[in-house]
Amino acid sequence: MSSILRNIKGTKDILPEESIVWQYLESKIHMFFKQYGYSEIRTPAFENTNLFKRSIGDDTDIVTKEMYSWIDQGGNNLTLKPEVTASVVRSYNQNSLGKKHPINKLYYIDTLFRRERPQKGRYRQFHQFGIESIGSKFPEQDAEVLALAYNFYHYIGLRDITLKINSIGGHNTRKIYKNKLYDYLLPFKNDLTDTSQNRLMKNPLRILDTKVDFEIKIIQNAPRIIDCLSEEDKIHFKSVLNFLDEMDIPYEIDNKLVRGLDYYSRTVFEIQSKSLGAQDALCGGGRYDNLVENLGGKPQPSFGFAAGIERLILALDIDQSIIENNPDVYIVSLGEKSIQLSMKIANSLRLNNDFIVITDTLRRSLKAQMKEANKLCAKYAIIIGDDEIKNNEVAIKNMNTGDQKTEKIDQLESYFKVSK
Ligand code: AMP
C-alpha cells in the first residue's frame, strides 16, 4: 500500500469540530463590523507581484523572504496574497470607489500566505479579518477603528488584552528620526545581529521591532520618535488619545512600536494578548495616508488593521456549548419503506421548521442509530418502524427526558412548532 499524502508544512486542516468555531467567529465579525457601518470587500487570492513590492516595501521580510511568487504559463509574475491592504487599495483605485462614496468603510475576512518559520500561532497559510477605512484624515477615524478592534475582542470574550499605540509621524518626521536613530545605532553596529545591521542601512526604524535581548538593551536609550513629531503630528496623536479616553478604551503608549510595513504614517497600534506567549500580537494596524496615491490613485488618507483568526482562536477558550449546532431531530429508520419516509419527513422538517435533521444512511440497527442520536446530542429521535407506518404514525422520543409518544405523520410539523 502506498503511504498517505500529507499537507504542506505550515498549513492546517480545519476539521469539522473546529470549523463550527470558525463559523461562529465569522458570523460575529460580520455582525459586529456592520454595526460600525463597515461593508465587506472580497479580493482575489493572487495579484501581480509588483503590487506587494510597491506597497509593503522592498526591504521588508514579507517581500524579501516570505512571498509565494511564481511566473505563470503566460509569463506573468504573480503572488499569493501575503496581506490584504494592498489588494483593497488596488481595488479601491481600479473601481473608483472614492467617486462613489467620499469615505469607504470596508472590512474583510481572508486567507493569506507567507513563507514564515512555522510555530505555534504562526503558519504559512493563515487567516485574517480586518478593516480598511479610506477617505478620512481626521483623528476620529483612527479612534473609531481602534475602538472597533478593541471592543470586538471584548465582545467575543477576551479580557487580558492590551492596546499598544504610538505615533510614527508623517514622512518628514520619519526622515529626521531615521537619521537620528542611525547616528545613535552606528557605534553599536558590530554588536547588532546580521538582520539588524542590514536594517541599519536600509530602514533603521525596523530595528526597534527587535525581539533579541541584547538589542532590546541597546535601543532602550535610543532617541524616541515621539520627540521628533511635528506640531500637526502631535495634535493628531493627542486627539486620538482623547477620543479613546472619552470612550473608556484603555491603552499603553509604546514608543518602540513601529510596525513592520513601509506604508504606515502617524498612528500605529497593536493589540496583544498575554495568553498567546511569544506570538502575542492579535492584531496590528495604523494610518496609511500615502498608499492610495503610491498605488496610482488620488491621495486618500486611510486607516486600517489586520487581525489573525488562528491567534484569536488560540487566545479564546471557546465554550463549544455556546455554539448551537446539535441536531433538532435524528430520524431512526428501519427497512426500505421507513427509509423513504424518513427522507420525506426530514425534508419537510428542514424546510418548514428550519430544523437540523439527521437521517441514517448506513442502514444500521435500531440500537446503533439510537446510540448515534445520543452521541450527536439530538433533541428528539423520531422512530419509524413497520407498525407505525401502517398507522401513518411515528414515535417521538424526547432525548432529554426520555419521554416517548406517538404522533400522526401529517401533524409532525405543527407538533414541533409548538414544542420547540
Ligand atoms: P501583520 O499583517 O503581519 O501585521 O499581522 C496582523 C496579524 O495577523 C498578526 O497580529 C497576527 O495575529 C496575524 N498573523 C500574521 N502573520 C501570521 C502568520 N504567519 N500566522 C498566523 N497569524 C499571523
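The values are calculated or read from the model by the stated rules, or taken from the named source; none is laboratory data. From a predicted model like this one, the values you see are computed outputs, not experimental measurements. Positions of Cβ are generated from backbone atoms using ideal geometry, with glycine treated the same way; all protein chains shown enter the neighbour counts. The protein model used for the area step is the full one, side chains on, heavy atoms only, and it has no ligands, DNA or RNA in it. Shrake-Rupley method; radii C 1.70, N 1.55, O 1.52, S 1.80 Å.
Between Ser365 and Glu116, the simple spin-label model (points 7 angstrom out along Cα→Cβ) gives 5.2 nm. Estimated from the Cβ-Cβ distance and a Förster radius of 51 angstrom, the FRET efficiency linking Glu324 and Ile176 is about 0.35.
Length gained on full extension, Glu40 to Thr406: 126.9 nm, using 0.36 nm per residue less the C-alpha separation. With the convex hull of its Cα atoms as the shape, the chain has an orientation-averaged projected area of 28.5 nm².
Rounded is the label for region 70-184. Its Cα gyration tensor axes, ordered a ≥ b ≥ c, give a/c under 1.5.
The label-point distance for Ile4 and Trp22, in a model that sets each label 7 Å from Cα toward Cβ, rounds to 1.8 nm. State whether region 326-419 is rounded, prolate or oblate according to the following rule on the C-alpha gyration tensor (a ≥ b ≥ c being the square roots of its eigenvalues): a/c under 1.5 gives rounded; otherwise a/b larger than b/c gives prolate, and the remaining case gives oblate. Here region 326-419 falls in the rounded category. The charge dipole of the chain, taken about its Cα centre with unit charges on the Cβ atoms of Lys, Arg (+1), Asp and Glu (-1) only, comes to about 840 debye. Each part reduced to its alpha carbon centroid, region 173-209 and region 258-320 end up 23 Å apart. The mean sequence separation of alpha-carbon pairs under 8 Å and at least six residues apart, normalised by the residue count of region 136-218, gives a relative contact order of 17 percent.
The antiparallel fraction among DSSP beta bridges confined to region 30-117 stands at about 75%. Rounded, prolate or oblate: which fits region 1-136, taking a ≥ b ≥ c as square roots of the Cα gyration tensor eigenvalues, rounded meaning a/c under 1.5, else prolate when a/b beats b/c? Note, shape of region 1-136 comes out oblate. In this label model, Tyr415 and Asp72 are separated by 5.6 nm, measuring between points 7 Å along each Cα→Cβ vector. Here r is the Cβ-Cβ distance between Asn95 and Thr64 and R0 is 30 Å; the resulting FRET efficiency, rounded to 0.05, is 0.50. Stretch Lys298-Asp13 to full length: gain in nm at 0.36 nm per residue minus the Cα-Cα span? Gain on stretching Lys298 to Asp13: 98.5 nm.
If you run the Gaussian network model on the chain, springs between alpha carbon atoms under 10 Å, then out of Gly286, Gly121, Gly277 the most flexible one is Gly277. Only Cα pairs within less than 10 Å get springs; with that Gaussian network setup on the chain, which residue of Val240, Val212, Val332 has the largest fluctuation? Fluctuation is largest for Val332. Candidate cross-link partners of Lys256 among the lysines, defined by an alpha-carbon separation under 20 Å and a same-chain spacing of 8 or more, comprise Lys164, Lys175, Lys178, Lys180, Lys189, Lys202, Lys211, Lys217, Lys234, Lys238, Lys274.
How much FRET efficiency would the formula 1/(1 + (r/R0)^6) give for Asp248 and Asp213, where r is the Cβ-Cβ distance and R0 is 22 Å, rounded to 0.05? That pair, Asp248 with Asp213, gives E of 0.05. Tyr182 contributes an accessible area of around 70 Å² to the protein surface, as traced by a 1.4 Å probe with all chains present.
Remark: region 326-419 carries 59 Å² of accessible area per residue (probe radius 1.4 Å; ligands, DNA and RNA excluded).
Taking the DSSP beta bridges with both ends in region 326-419, the antiparallel portion is around 55 percent.
If you count Lys pairs in region 326-419 whose Cα atoms are under 18 Å apart, skipping same-chain pairs closer than 8 places in sequence, the total is 21.
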